[in-house]
Structures are given as structure tokens and as C-alpha cells.
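Have a look at the structure below, then the notes.
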Amino acid sequence: MMIIRMLAFAALGALLSAAGIAWAQAGRQPIDWSTVSLESIGSGPLPTASYKGHVVLLVNTASLCGFTGQYLGLQELWRRYKDKGLIVLGVPSNDFGGQEPGTKEEIKRFCEATFDVTFPMADKQVITGAGAHPLYRWAAAQTGALGTPSWNFHKILIGRDGRVIDWFSAAGGMGPKLERAIEAALAAKE
């Protein structure tokens, strides 16, 4: 009897969670990836128009942060899910604690040599306030104050339909909640 009760609560919890996500997304505006302009940390523009129909994990990064080790987890997510439609998009920023002071060449060299980063990385951007890159201004409008980055390695999960699904603070790390959200987003249709 206890097992049946536990299964019923688990099913009810999953149903309420899915309904809550659908309700939260209802008022959110989708991003038009074809209008997003980001320079690559390598050279030339990132192919953001091709992100349409993909799940995007948008992460503001920094080389000198206590959370910089999360590059390992981000690279693992990229390796594991890129063929299923996930794009991990790193956006270096010096907005918090001056923890990304380098040039794009220095940042690129650091990410590749230290963490073997192969996922797309943008050139350094401002991500907060009035001078924020338009992608981050859009994200802030979708997530509100609580979902806006307040430190490095803040993650914003964007669904195949271009709408924000959820956000994850740096302190939350690379845990199972993030991975479950990515898997659910990948399983969803556009």
C-alpha cells in the first residue's frame, strides 16, 4: 500500500511540475534566433540563426571565478547531448567581480587548454543592466529579477520553441535538476 501511495504522489508531483512549467512559459515571448548577433570567441559571427529548433543552455562564464570548474560539466553536457539538439552557449562576462578581464584570445586559449571546451563561446559581453547585450535583455524580461544573472555561471535554459524554460543559479551547480530539465526540453517538440 505504501508503494502505491508513493507512486501516486510521484505521478501527481510530475503532473503538477509539468503544468507549472507550461503555465510559467505561457506569458514568455520566444527569442527569434535569426535576430541575435553574437561574435564568436574565435572569429566571425556565431551561427545563431541555426539555433532555431534547438534547446539552448545560455551560460555567462568567467575564467577567474570560484565556479569556473563548471566548464567541465558544461563540456560534458555538450558532448552528451549535442547530437540530440542541445547547444551550450558560453558568454564570457566581466560583470561580476572583474573575473573575466582577458581578451577574447586569452579567454579562448584558457577555455581550450584548461577545460577542453568545444561548445560555442561568444566574445565577452555585458550581460546586466542597461548596457546588456540584447540577448540578455530579452532573457531578463522573460525570467524577471530572480532569473537574471547575479553571478558568473548562471544558466538559462531555452526550449526548442525559443521560450525560456527555467534558470539555474551558479550555486546550484551542474546537478541532476539541470540535467533532467535539459532531457525534458530535448524530448519536447518545437
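The values are calculated or read from the model by the stated rules, or taken from the named source; none is laboratory data. Note that the structure is predicted; figures quoted are calculated from it, not measured. In this analysis, Cβ positions are derived from the backbone assuming ideal geometry, glycine residues included, and neighbour counts consider all displayed protein chains.
Observations, loosely collected:
- 2 or more residues without any contact (Cβ under 8 Å) to a residue 60 or more places away in the chain and either in the same structural domain as residue 49 (by TED's automatic domain parsing) or touching a Cys at 6+ places or on another chain (Cβ under 9 Å) (or both): qualifying strands (runs of 3 or more DSSP E) within segment 63-169: 86-92, 164-168
- Subset of segment 142-190 (residues that are modelled with pLDDT under 95, closer than 27 Å to residue 39 by Cβ and hydrophobic (A, V, I, L, M, F, W, C)): 170, 174
- Filter result for residue 179 (part of a helix (DSSP H, G or I), out of contact with any strand residue (DSSP E or B) (no Cβ under 8 Å at 6 or more places or on another chain) and in contact (Cβ under 8 Å) with a residue 24 or more places away in the chain): yes
- Conditions (1) touching a Leu at 6+ places or on another chain (Cβ under 6 Å); (2) surrounded by fewer than 19 Cβ atoms within 10 Å (Cβ to Cβ); number of the one not met by residue 122: (2)
- Residues that are farther than 19 Å from residue 183 by Cα and under 15 Å from the mean Cα position of the chain (by Cα), drawn from segment 39-66: 48, 60, 61, 62
- Residues that are hydrophobic (A, V, I, L, M, F, W, C) and surrounded by fewer than 14 Cβ atoms within 10 Å (Cβ to Cβ) within segment 105-119 comprise just one, 113.
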